1. Taking the Kirkwood radius as the inverse of the mean 1/r across Cα pairs, report the Rg/Rh of the range 2-118.
2. Aspartates and glutamates within cross-link reach of K105: Cα-Cα under 14 Å, excluding same-chain residues under 8 positions apart?
3. Checking a compactness column here: for the chain, what do you get for Rg(Cα) / (2.2 N^0.38 Å), N being the number of residues?
4. In what order do Y130, Y162 fall by count of nearby beta-carbon atoms within 10 Å, going from fewest to most?
5. Quick one: which residues, 5 or more positions from G284 or on another chain, have an amide H under 5 Å from its amide H? H modelled 1.01 Å from N in the peptide plane, none for Pro or chain starts.
6. Can you list the equivalent-ellipsoid semi-axes of the range 119-249, largest first and in whole Å, using the square root of 5 times each Cα gyration tensor eigenvalue?
7. Just to be sure I understand: of the beta bridges DSSP finds with both ends in the chain, what percent are antiparallel, rounded to 5?
8. Full extension from R96 to D21: what is 0.36 nm times the residue separation minus their Cα-Cα distance, to one decimal in nm?
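Values quoted throughout were computed directly from the atomic coordinates according to the rules given, and no laboratory measurement underlies them. The model shown is predicted, which means the values in this text are computed figures rather than measured ones. Counting neighbours? That spans all protein chains shown, and the Cβs are built from the backbone with ideal geometry, glycine included.
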Amino acid sequence: MLLRRLMEAEGFVCEEAGSGDEALEILRARTFPLVLSDFHMPRMDGGELLKEIQASFPETAVVMITAVSDVNLALRCLDAGALDYLTKPFAIEEVRARVSQALEKRRLILENRAYRLELEERVVLQTRKYEELFLASLQSLADALEVKDAYTWGHSTRVQRYAIAIAQELGVSPSFTQQLELGSRLHDIGKIGVRESILNKEGSLTEAEYAHIMEHPVIGWRLLAPLLREMPHALAVVRSHHERFDGRGTPDKLQGHEIPLEARITAVADSFDAMTSGRVYRAGMSVEQAVAELRRCSGTQFDPECVAAFERAMEQQSFPRPDWAAVGAARLQIVA
C-alpha cells in the first residue's frame, strides 16, 4: 500500500495484487511497463512470477522486493531477468531512483530490440535484392546463349517448365524444386564455349564436332561452380544432364541412381524439347512421337520413374509446341 501511494504521488497509475496469480490476471487485462514484486508470496513466489512475466509479457520490466537477508535471492532474480531489486526497509528516494532506472533500462532494451529487428529486416531485404539481381544476371546469360542459335530460342525456358512439372509429379521438396528451376534454366550455359560454326551447322556432326559440343556440361559446371556453391542441385543439373541411366553418358559415366535426381529429371525434359524442336535440316517430332521415343529409351537413356512422371504431367498439363517460324523471326529482329 505504501509503494502504491508513493508511485501514484509520482503520477503513475498503479494496480495492487495480493498474490502472483492475481498479478498475472491483472497483466492479462492491461499492459503495464513495470511490476514491483515481493519475493515471498502465497502460492507463487516472486521467482516463479518473474518467469511467467518473461514468458507471457516480455515487454514488462520487473523489480524484485526482498528483505536484506534475502539479497542472494534477489541476485538470482537479476540473473533470471529482473532489471533491479529493492531491499526492505527502503527509503522513498531509493524507490524513486530504482523505478526511474528500471523504466529507462526497459526503454533502452525495447529500442535496441526494435533496432535489431529493423536491421535484420533490412539485411534480409537487401540479401533478397542481391539474390534477385544475381539470378536475373544468370538468366540474361542464358538468354544471350540462345541468341547464338535461332532454333534454341526459348529452349531452356521450356526445359525448365517440363522439369518442374516432372518434379511436381515426383513430390520433391520446395528447396529441391527451386534449385532444379535454376539448374534447368542454365543447363546449357556451357555452350557459350562451343564454336558457333558447330552449334549452327546444318546437317550431321562429325565425331569430333559432337565431342566438342558434349564438352558443354563441364564448361558450364566450371563457369557456375564459384557462383552456386550454396545450390548443389542446380550445379548437378548443369554437369550431369547428359548422363545416361545405363552408364554410357557423359561426362562422368554415372549409372542409374548414381546420377542425381535433378539431372535425371532434366535429361527427360531436355530430350523431349530437343526432339520436338525443328531445325533447318529437319522438322521436329510430334508430341506423340517424342513421348514414344522417351518410352522406348526408358531404362537405358532415361530413368523410368522420370519418364513415367513426365507422361503423367503431360496428361494433366498442356505443353504446346512453339511456332518455330515465329521464333526464328523474333530472333532475327532481336539480332538486328
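1. Details: Rg = 13.8 Å, Rh = 14.6 Å.
Using Cα coordinates only, the ratio equals 0.95.
2. E59, D84
3. 1.71
4. Working: Y130 10, Y162 23.
The fewest-first ordering by Cβ neighbours comes to Y130, Y162.
5. G278, R279
6. Values: eigenvalues 165, 64, 37 Å².
Values for the range 119-249, descending: 29, 18, 14 Å.
7. 10
8. On the way: separation 75, 0.36 × 75 = 27.00 nm, distance 2.62 nm.
Contour length minus Cα-Cα distance gives 24.4 nm.
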